[in-house]
Amino acid sequence: MTLVASEWQPAIADCRCHLRAGQATLRERYLADGDARRLLEQRCELVDDVLRKFWQLLDLPASLALVAVGGYGRGELYPASDVDILLLLPDPPDGELTRRLEQAVTACYDLGLEIAPSVRTIAECVHAARDDLTIQTALLEARLLAGNLAAFREVCAQIRAALDPVVFFEAKKMEQEERHRRYQDSPYSLEPNCKEAPGGLRDLQTIVWIARAAGYGKSWEDLAQHGFITHEEEEQLQRSANFLQRVRTRLHIHVGRREDRLLFDYQAALAEQLGFLPTPARRASERLMQEYYRTAKKVTQLNTILLQNLGAAISPPPDQAPQPINGRFQNTHDLLDVIDENLFQNDPGKILEAFLLMQQHAELVGMSARTLRALWHARTLIDEDFRRDPDNRRRFLEILQQPRGVLHEMRRMNQYGLLGRYLPNFGKIVGQMQHDLFHVYTVDQHSLQVLRNLRRFLADEFTHEYPLCSELIRDFPRCWVLYVAALFHDIAKGRGGNHSELGATDAAAFCAEHGLDEQDSKLIVWLVRHHLLMSTVAQKQDIADPEVVAGFAAVVREERQLVALYLFTVADIRGTSPKVWNSWKGQLLEELFRSTCRSLLAGGQPPFRQGLIEERQQEALRLLRFFALPDAVHQRLWKQLDTVYFLRHSAEEIAWHTRALHYRTRVEQPVVKARVRPQGEGLEVMIYTRDQRDLFARLVGFFSRAGYSILEAKIHTTRHGYALDSFVLLDLSDRDNDRAMISYIEHELTARLARQSPPEAPGTGRLSRQVRHFPIQPQVTIEADEKGAHHVLSVTAADRPGLLYTIAMTLAAHGANLHTAKISTLGERVEDTFLISGATLGDTASRIRLETELLERLRI
């Protein structure tokens, strides 16, 4: 090995210098002209040249061959891609040749390339290709670089002879399905993988591999010549491939290593480098990603069509006569098929009929390739005249009103660009990102997720998920009006202005154009305009306050609107991100819904406060009797509690507090009790102690260090100077050990409060990448409540470790007393509301100083 090193090192160094200089030249040329295709080809040529020189240096037997495989064999070598090579042997090597091959492989790594070498005989290649689909695919694209041409031709011939196009097609199809599942079958991830995700480069390569294996060529031009795609589709595929190649090439160069994910960290820089400019309403990165999503959608469309066509050619289905559905459509192998492929060109009105038939015929599992192609080519026929046609308007409503298939057909219409043509403003939100730190879907996909959730309430197999929603929607007349609202509630995102108001205007126009009756039109428009109302009230206001409920009821006005808003709010929150919803939000919404029902029954007037308090007290006493406690058990504690306590706490909470404290209303040691929330996930913690300075900050710091997020805090001071505080906590780390944590919290928190040690700041942690790259400006407002006795502090900021502790310490420093806290975390964004009081809050200058300091400390 020493001899080899001394002989080869100067030549290897020359190769390395040649490679480095060549790659620098290619990079400069690419940065000047942006031609990704040329860069990939010329990088291949450069690496070919280096490896051929290296092969001569090795002086291996003439019977061996150096072969490029995989992407390198295909002639596409991205700036940070591996260089896949095969050292091909006619027969197994002897000891001496084995030693020389090991030296050669070791030397490969000194060239300055990300080499991925393999050494196989012809027989081993054929065997490996038979057993491993990845190896078989890589060898399909093999290209001889140097050495034994006969051995290369022999291995290619044997692999071709052993290849079964039918088996290969099925295997690649299953491989694609499995790959798509890893990416949730969606190209619309906010940080998509431009190579592997649905609609990425791998979907294009899969088609070419299948065509190559079946002998139909190795390019889009070849597929067009064989009749699998039209000339227009060939151009679409080439444009899509060019765009994805540009994105991946820029990504590799920008990051400086192999990276195929369009992470938030890179999107802004890539957008600038690729020439995307910002607009007053949208970032340049949002425009880049919208172009990416639209490209990925085209790729998935054409991939679907080509897989069907190639599959039918490679493995023709049984000869079975199509079953007529009507004079225009037929059932061909359980696929909806147009009898005349020019149907939509001749009669555009039948476009919507195709989707309606899919809903009405349960035996149909999809659309034939020629139907999909005909729909795709006819999409531009959906113009103003089409949208004005009464028959088309009637059919569109019929699709929404069908008992089955509403979601599937809306998704299919969106996939093939038809939904955005029929609803032009919906077309503007297709592929539009939302950098609000809690939506994880593009606007169009979020809207369809809301529709999906509404439909899910109707499915028997999902009634256990949201029993109340399932019960309500079954009794809701004409529930399809909710689907219309789902399509319009965010349709004005990205236009600037109030998207709810603008969306309501669009919805009103749709209802008028489609002849909806006054009652349904009024509900749809109202729902779009107020779709955020219930979530805002439930998560930011004190819904235990009867006046808050009465104010909400005054906006809702009638039961049908309340039911519609409740169903829509649950579906909407669930449709933002799997992480945003939790049982606590579900409980708040249900409590507000039920309270508002009672308010509407009472004519919308808030109940008499004393009567409401007495009702809660009686219910609490009823619950206490289950524990065999004396009838007077409550008296010692309750006489220290004021009206506000009974208004802010439920009967169940009052009973829990009473049971824990009835015999120790005056204690020297703090009392801490914790339990798993009766309504679902998380913990409830009650603290009872002599009031202390900075108590809230001390509690917040402790819970944060224990790994819990605070969802709600109720802070109360008794008449005799004790703090009676209760918290709802959610485990941030999903440890699923809430019960095990109860004893820790009770013991540790009691000890720390007894010592009255100073507040401990929680760990700093790390900001999420999304917050780092798409920061939001914090907002702080302090306003007097309607009675003037307290002030409402509203905080909107990017979430980060220790945020609530920072707020608590700032309030304490300004002498502000906290009474309640509603903590609303929406993905990476928090919208918190605090009810505070303090002598200085009545002074404008003091409030401004508090607001200013909070803003300063909340900035990242």
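If I stretch the segment between residue 459 and residue 558 completely, what's the gain in nm (0.36 nm per residue apart, minus their alpha carbon distance), one decimal? Write down the numbers at each step before the final one.
On the way: separation 99, 0.36 × 99 = 35.64 nm, distance 2.64 nm.
My answer for the length gained is 33.0 nm.
Using the Kirkwood formula on the Cα atoms of the stretch 598-683, what hydrodynamic radius do you get, in angstrom to one decimal? Don't skip to the answer; put the middle values down first.
Working: mean 1/r = 0.0690 Å⁻¹.
Evaluated on the stretch 598-683, it is 14.5 Å.
Would you please give the residues with an amide H less than 5 Å from that of residue 434, counting only those at least 5 places away or on a separate chain, with H modeled from the backbone geometry?
Long-range HN contacts for residue 434: none found.
Dipole magnitude of the stretch 112-230 about its Cα centre, charges +1 at Lys/Arg Cβ and -1 at Asp/Glu Cβ only, in debye to the nearest 20? Kindly include the intermediate steps, with their values, before the conclusion.
Numbers: 14 positive and 17 negative charges, 48 e Å.
For this selection, approximately 240 debye.
Compare 540, 218 by solvent-accessible area with a 1.4 Å probe and give them largest first, with all protein chains kept in place. List each step's numbers first, then the result.
Numbers: 540 60, 218 125 Å².
Output order, biggest surface exposure first: 218, 540.
Can you check what the Kirkwood hydrodynamic radius comes to for the chain, Cα pairs only, in Å to one decimal? Display every interim value, and only then the final one.
On the way: mean 1/r = 0.0314 Å⁻¹.
Kirkwood radius, the chain: 31.8 Å.
With a sphere of radius 13 Å drawn around the Cβ of residue 365, what net charge do the other residues whose Cβ falls strictly inside it have (Lys, Arg +1; Asp, Glu -1)?
On the way: positive: 412; negative: 334, 337, 363.
Charge balance in the 13 Å sphere: -2.
How big is the stretch 203-298 in terms of Cα radius of gyration and Dmax, in angstroms?
16.0, 51
Could you list the square roots of 5 times each eigenvalue of the Cα gyration tensor of the stretch 93-159, that is, the equivalent ellipsoid semi-axes, sorted largest first and rounded to whole Å?
Details: eigenvalues 94, 46, 32 Å².
Output for the stretch 93-159: semi-axes of 22, 15, 13 Å.
Just the accessible area per residue of the chain, please: how many Å² with a 1.4 Å probe?
On a per-residue basis, 43 Å².
Once you have the Cα-Cα distance between residue 383 and residue 402, take 0.36 nm times their residue separation minus that, and quote the gain in nm to one decimal.
Details: separation 19, 0.36 × 19 = 6.84 nm, distance 2.46 nm.
Value of the extension gain: 4.4 nm.
Give, as a single signed number, the net charge of other residues whose beta carbon lies under 11 Å from the beta carbon of residue 220, with Lys and Arg counted +1 and Asp and Glu -1. Don't skip to the answer; put the middle values down first.
Details: positive: 218, 239; negative: 221, 222, 233, 234, 235.
Around residue 220, the surrounding residues sum to -3.
Considering amide H positions built from the backbone, and no H for Pro or chain starts, which residues 5 or more places from residue 119, or on another chain, come under 5 Å of its amide H?
87
Placing unit charges on C-beta atoms (Lys and Arg positive, Asp and Glu negative, everything else neutral), compute the dipole magnitude of the stretch 164-293 about its Cα centre in debye, rounded to 20. Kindly include the intermediate steps, with their values, before the conclusion.
Details: 19 positive and 21 negative charges, 105 e Å.
Using only the charged Cβ atoms, the result is roughly 500 debye.
With each label point set 7 Å from Cα along the Cα-Cβ vector, what nm distance links residue 109 and residue 62?
According to this spin-label approximation, the distance is 3.3 nm.
Please compute the net charge surrounding residue 520, taking Lys and Arg as +1 and Asp and Glu as -1 over other residues with Cβ under 14 Å from its Cβ. It would help to have the intermediate numbers written out before the result.
Working: positive: 478, 522, 560; negative: 513, 517, 518, 558.
My count for the surroundings of residue 520 gives -1.
Can you tell me the alpha carbon radius of gyration of the stretch 158-225 divided by the globular rule-of-thumb value 2.2 N^0.38 Å? All intermediate terms of the calculation are to be shown ahead of the outcome.
Working: Rg = 13.6 Å, N = 68, 2.2 N^0.38 = 10.9 Å.
Here the Cα radius of gyration is 1.25 times the empirical estimate.
For the charge dipole of the chain, defined by +1 on Lys and Arg C-beta atoms and -1 on Asp and Glu C-beta atoms about the Cα centroid, which residue among 402, 224, 440 has the Cα displaced farthest towards the positive pole?
440
If the stretch 4-100 were replaced by its equivalent ellipsoid, with semi-axes equal to the square roots of 5 times the Cα gyration tensor eigenvalues, what would those be, largest first, whole Å? Spell out each step's value before the answer.
Numbers: eigenvalues 171, 59, 14 Å².
Square roots of five times the eigenvalues give 29, 17, 8 Å.
Distance from the Cα centre of the stretch 421-435 to that of the stretch 12-46, in angstrom?
Each part's Cα centre sits 40 Å from the other's.
How large are Rg and Dmax for the stretch 471-593 when calculated on the C-alpha trace, in angstrom?
14.4, 42
Please state, rounded to one decimal and in Å, the Kirkwood hydrodynamic radius that the stretch 286-351 gives when every pair of distinct Cα atoms enters the mean of 1/r. Write down the numbers at each step before the final one.
Numbers: mean 1/r = 0.0691 Å⁻¹.
After inverting the pairwise mean of 1/r, the radius is 14.5 Å.
So for the pair residue 21, residue 319, with labels modelled 7 Å out along Cα→Cβ, what separation do we get in nm?
Between residue 21 and residue 319, the simple spin-label model gives 6.7 nm.
In terms of the Cα gyration tensor, with a ≥ b ≥ c the square roots of its eigenvalues, is the stretch 657-766 rounded because a/c is under 1.5, prolate because a/b exceeds b/c, or oblate?
Details: a/c = 1.88, a/b = 1.30, b/c = 1.44.
Since a/c reaches 1.5 but b/c is at least a/b, the shape of the stretch 657-766 is classed as oblate.
For the stretch 810-853, what does the equivalent ellipsoid look like in terms of its semi-axes, each the square root of 5 times an eigenvalue of the Cα gyration tensor, given largest first in whole Å? Don't skip to the end; give the middle numbers.
Numbers: eigenvalues 101, 30, 13 Å².
So the three semi-axes of the stretch 810-853 are 22, 12, 8 Å.
If one computes P(r) from the Cα atoms of the stretch 512-566, what percent of pairs lie at distances over 15 Å? Intermediate values should be presented prior to the final figure.
Details: 758 of 1485 pairs.
In whole percent, the long-distance tail amounts to 51.
Can you compute the radius of gyration and Dmax for the stretch 183-259, using only the Cα atoms, both in Å?
14.1, 41
Over the stretch 376-451, what is the mean sequence separation of C-alpha contacts under 8 Å (at least six apart), divided by residue count, expressed as relative contact order in percent?
RCO, the stretch 376-451: 25 percent.
Provide, as a two-decimal number, the C-alpha radius of gyration of the stretch 235-350 over 2.2 N^0.38 Å, N being how many residues it has. The partial results should precede the final answer.
Numbers: Rg = 20.9 Å, N = 116, 2.2 N^0.38 = 13.4 Å.
So the stretch 235-350 has a normalised radius of gyration of 1.56.
Two decimals is fine: what's Rg over Rh for the stretch 220-266, C-alpha atoms, Kirkwood radius as Rh? List each step's numbers first, then the result.
Working: Rg = 14.8 Å, Rh = 12.3 Å.
Dividing the radius of gyration by the Kirkwood radius yields 1.21.
If you put +1 on each Lys and Arg Cβ and -1 on each Asp and Glu Cβ, how big is the dipole of the chain around its Cα centre, in Debye rounded to 20? Walk me through the numbers before you get to the answer.
On the way: 105 positive and 114 negative charges, 399 e Å.
So the magnitude is around 1920 debye.
Give the carbon-plus-sulfur fraction of the accessible surface of the chain in %, rounded to a whole number; probe 1.4 Å, heavy atoms of protein chains only.
On the way: 18370 of 37030 Å².
Carbon and sulfur: 50 percent of the exposed surface of the chain.
Can you show me the helix-derived [θ] at 222 nm for the chain, built from DSSP H runs with n ≥ 4 at -39,500 (n - 2.57) apiece and divided by the number of residues, rounded to the nearest 500.
That calculation yields -17500 deg cm²/dmol at 222 nm.
Take the Cα atoms of the stretch 381-488, find their three principal axes, and give me the spread along each one in whole Å, biggest first.
Each principal axis gives a Cα extent; for the stretch 381-488 these are 44, 38, 18 Å.
Based on alpha-carbon atoms only, what is the radius of gyration of the stretch 414-548 relative to the globular estimate 2.2 N^0.38 Å?
Numbers: Rg = 15.8 Å, N = 135, 2.2 N^0.38 = 14.2 Å.
This ratio for the stretch 414-548 stands at 1.12.
The values are calculated or read from the model by the stated rules, or taken from the named source; none is laboratory data. Note that the structure is a prediction, hence the values are computed from the model and not measured. All Cβ positions, glycine included, derive from the backbone under ideal geometry; neighbour counts span all protein chains shown. Keep in mind that these areas ignore ligands, DNA and RNA; they rest on the heavy atoms of the full protein, side chains included. Shrake-Rupley method; radii C 1.70, N 1.55, O 1.52, S 1.80 Å.
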